[in-house]
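S.K.: Okay, here's the structure, questions in a sec.
The values are calculated or read from the model by the stated rules, or taken from the named source; none is laboratory data. Small disclaimer: the values here were computed from a predicted structure and weren't measured. Virtual Cβ from ideal backbone geometry, glycine too; neighbours counted across all protein chains shown.
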Amino acid sequence: MHADAATPSSFPWAHQLVCLAPLAVTLGLLCVFVGTDDAVTAAFARIGAEYPVLTSVMRELSRVVPFFFYAAYGIVLLRAALTKNRPLLRFALVFFLAQACFAFLLVRVIKISAGLPRPYAVLNGAEAAPFSFMDTDQHSFPSGHTAAVALSVSCTASVFRKYALSLLLGLLLALLGFSRIYLLMHHLSDVAAGMCIGAAGNVFIHSICSRRTPRFIPQRPPFAS
C-alpha cells in the first residue's frame, strides 16, 4: 500500500486495529471470565504469591519491552542523523515527540488528576485521592507502560504494513498489558486507557509525517538499508 507522491498516504487503520486487537481481546476475556477490577486484583494477588517465578518473568517483561522500542527508535534516530536522512530524522523525532506528549505528559496529567490507587494499594485499603503529585501508589489510571508500547507497536506496524508483523507486535503489546495487570500495577481500565492513548499518539505521528513527507510509507521502510 503506497500513496501517490502528490497526496499524503492514508492512515493504516487495519494495521492499527490488528495491533490493538490481541490486548483488547485479553482485557475482554479477563473481564468475562474473572470479573471486575476487584476480582481480577484478588485473583492475580493469589496467583502471584503461588508462582514467584512467573511473577519474576512478568516483571522483567514489563521492564524490557518499553526499553526495547526506545532503543530501537533511538538507533533509527542516530542512523538518520549520521546519514543525514532528513525524512527519517523527522520521523524519528516526531516519534519521540509523540512519546513525550502522549505517553509521558498526558499520562502524568491524568494520573495526578485522577489519583486512582493501584491494585496493590487497593488491597491495603487505599482510596482515590485526586491531585496526588508525589504518591505513585495513587497513579494507577492510565497505564503509562501500555501507552508507550501501544504507540510504539502501532507506529511500527504503520510503517511496515505487514499483517503478520502487525499481529506479532499486537501479541507483544498484549503480553505487556497483561504483565501490568498480573503485577498488580494496573486495573483493566487503566490498561485499556493506556492502549487508547498510545493509539492516538500514532495518529498524531502519521498526521505530521504524511503531511510533511507525502510518501510516509516509502518503497522500503525507513528502517531498511
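S.K.: Which is touching a helix residue (DSSP H, G or I) at 6+ places or on another chain (Cβ under 8 Å), in a loop (DSSP other than H, G, I, E, B), among the polar types (S, T, N, Q) and modelled with pLDDT under 95, of Ser132, Ser158, Ser140?
M.R.: One residue alone meets the criteria, Ser132.
S.K.: Specify the residue that is nearest to the chain's Cα centre (by Cα); the eligible residues are those in the range 65-103 that are surrounded by 13 or more Cβ atoms within 10 Å (Cβ to Cβ) and among the β-branched types (Val, Ile, Thr).
M.R.: Filtering the range 65-103 for residues that are surrounded by 13 or more Cβ atoms within 10 Å (Cβ to Cβ) and among the β-branched types (Val, Ile, Thr), the one nearest to the chain's Cα centre (by Cα) comes out as Val65.
S.K.: Could you list, in sequence order, all residues of the range 177-212 that are of a type in the set (A, V, I, L, M, F, W, C) and under 12 Å from Leu151 (Cβ atoms)?
M.R.: Across the range 177-212, the qualifying residues are Met195, Cys196, Ile197, Ala199, Ala200, Val203, Phe204, Ile205.
S.K.: So, one more: Only residues that are surrounded by fewer than 17 Cβ atoms within 10 Å (Cβ to Cβ) and either not aliphatic (A, V, I, L, M) or not in a helix (DSSP H, G or I) (or both): list them for the range 10-47, please.
M.R.: Across the range 10-47, the qualifying residues are Ser10, Phe11, Trp13, Gly28, Cys31, Phe33, Val34, Gly35, Thr36, Asp38, Arg46.
S.K.: Residue check, Val18 against (1) touching a Leu at 6+ places or on another chain (Cβ under 6 Å); (2) under 21 Å from Pro119 (Cα atoms), all met but one. Which one?
M.R.: Only one criterion in (1) touching a Leu at 6+ places or on another chain (Cβ under 6 Å); (2) under 21 Å from Pro119 (Cα atoms) is unmet by Val18, namely (2).
S.K.: Quickly run through the range 176-197 and pick out the residues that are part of a loop (DSSP other than H, G, I, E, B) and under 15 Å from Gly28 (Cβ atoms).
M.R.: Correct list: His187 only.
S.K.: On to the next question. Quick one: count up the residues across the range 48-64 that are touching a helix residue (DSSP H, G or I) at 6+ places or on another chain (Cβ under 8 Å) and loosely packed, with under 12 Cβ neighbours inside 10 Å.
M.R.: Number satisfying all stated conditions: 0.
S.K.: While we're on this one: Which one of Arg211, Arg215 is part of a helix (DSSP H, G or I), over 20 Å from Ala114 (Cα atoms) and modelled with pLDDT under 95?
M.R.: That would be Arg211, the only listed residue that is part of a helix (DSSP H, G or I), over 20 Å from Ala114 (Cα atoms) and modelled with pLDDT under 95.
S.K.: Tell me the residue from Ala121, Ala103, Ala98, Ala92 that is farther than 29 Å from Val203 by Cβ, of a type in the set (A, V, I, L, M) and either assigned to a helix (DSSP H, G or I) or touching a residue at least 60 places away in the same chain (Cβ under 8 Å) (or both), please.
M.R.: Ala121
S.K.: Here are Leu165, Leu175, Leu171: which of them is surrounded by fewer than 21 Cβ atoms within 10 Å (Cβ to Cβ) and either free of Cβ contacts under 8 Å to residues at least 24 places away in the same chain or of a type in the set (Ser, Thr, Tyr) (or both)?
M.R.: Answer to the selection: Leu165.
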